[in-house]
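The values are calculated or read from the model by the stated rules, or taken from the named source; none is laboratory data. A quick note: this is a predicted structure, and the numbers were derived from the prediction, not measured. Cβ placement follows ideal geometry from the backbone for every residue including glycine, while neighbour counts extend to all protein chains displayed. The accessibility values were calculated without ligands, DNA or RNA, using every heavy atom of the protein model including side chains. Shrake-Rupley method; radii C 1.70, N 1.55, O 1.52, S 1.80 Å.
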Amino acid sequence: MAEQLEQIYRIIEEKTGFKGRMRLVVKTGVPKSLAISMHDDPAVMEKFKIAANDILGRDINEFLNVRQTWPL
């Protein structure tokens, strides 16, 4: 499963809403339903990161794998 691709879609949706998600689909040619079943291939990841950077206007890596550190 493409955990990072799914995470990119989630970040784009949180930061830019449905419109941003649709822009990601247009730029990558891969809808979310297909992306979550793909493998995290380096070439595909690069394509998604470039598109996400353009949509966000910042580096998507700032948001990937960010984990909260407060006690549970």
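Checking each residue in segment 1-30 for being over 13 Å from residue 51 (Cβ atoms) and open to solvent by less than 90 Å² (accessible area, probe 1.4 Å) picks out 2, 4, 6, 7, 13, 17. Pairs meeting the criteria (first residue in segment 1-19 and in contact (Cβ under 8 Å) with a residue 12 or more places away in the chain and part of a helix (DSSP H, G or I), second residue among the charged types (D, E, K, R) and open to solvent by less than 30 Å² (accessible area, probe 1.4 Å), beta carbons under 7 Å, at least 6 apart or on different chains) are lacking. Is it the case that residue 66 is in a helix (DSSP H, G or I), modelled with pLDDT under 95 and over 12 Å from residue 12 (Cβ atoms)? It is false that residue 66 is in a helix (DSSP H, G or I), modelled with pLDDT under 95 and over 12 Å from residue 12 (Cβ atoms).
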